[in-house]
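This report refers to the structure that appears directly beneath it.
The values are calculated or read from the model by the stated rules, or taken from the named source; none is laboratory data. Please read all numbers here as calculations on a predicted model, not as lab measurements. Quick reminder, even Gly has a Cβ in these numbers, built from the backbone with ideal geometry, and neighbours come from all protein chains shown. The area values use the complete protein model at the heavy-atom level, side chains included, leaving out ligands, DNA and RNA. Shrake-Rupley method; radii C 1.70, N 1.55, O 1.52, S 1.80 Å.
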Amino acid sequence: MAHAEGQHHPAAGQHDAAAGALHHEVGQQHPLGIYFKIWGLLFVLSTASYLVDYFHFQGYLRWTLIVVFMLLKAGLIVAVFMHMLWERLAIVYAILVPPLLLLVLMGIGALEADYTFFTRGEFFGSQSAAPTHGPGATGPVQHR
């Protein structure tokens, strides 16, 4: 009856304290080795990113390597150091889906821009490339 009135038995309080301490120790504890391994991997990826410039890679290969190394480093930092690896799937989706949607929308915008650019080139033809004023202008009026 004492439990029903809100009074706790002394032995039960000691059990709760021991369980709380045990729960605190069992909580989300990750071995330090994981952090050191990821830190080493980040160092290797940063070195590889530096070597892209050191070996004078040019063009699409250079930018592809830089972006790949950048995304790998950002993914490792978010996954391990920001503890996303151990979070619920719902919060992972809440954080990762909006930037991915922005990338998709930017890709759609880039495709539309290319279409508009090429359509204008077809519509205006090669005449738009010729200057309308100045020394290279062709037409009835030339100013000297």
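Quick notes on this structure:
- T138, sole failed condition from (1) open to solvent by 100 Å² or more (accessible area, probe 1.4 Å); (2) at pLDDT 90 or above: (2)
- Some residue of region 6-20 being part of a helix (DSSP H, G or I), open to solvent by less than 60 Å² (accessible area, probe 1.4 Å), modelled with pLDDT of 95 or more and among the hydrophobic types (A, V, I, L, M, F, W, C): no
- Residues in region 118-131 that are at pLDDT 60 or above and either of a type in the set (K, R) or surrounded by 10 or more Cβ atoms within 10 Å (Cβ to Cβ) (or both): F118, T119, R120, G121, F124.
- Taken together, the residues in region 21-52 that are more than 20 Å from H83 (Cα to Cα), open to solvent by 70 Å² or more (accessible area, probe 1.4 Å) and either among the small types (G, A, S) or modelled with pLDDT of 95 or more (or both) amount to 2.
- The criterion of being open to solvent by 60 Å² or more (accessible area, probe 1.4 Å) and in a helix (DSSP H, G or I) holds for I95.
- Candidate set: region 68-92, residues that are surrounded by 10 or more Cβ atoms within 10 Å (Cβ to Cβ) and of a type in the set (D, E, K, R); chosen: the one nearest to G33 (Cα to Cα): K73
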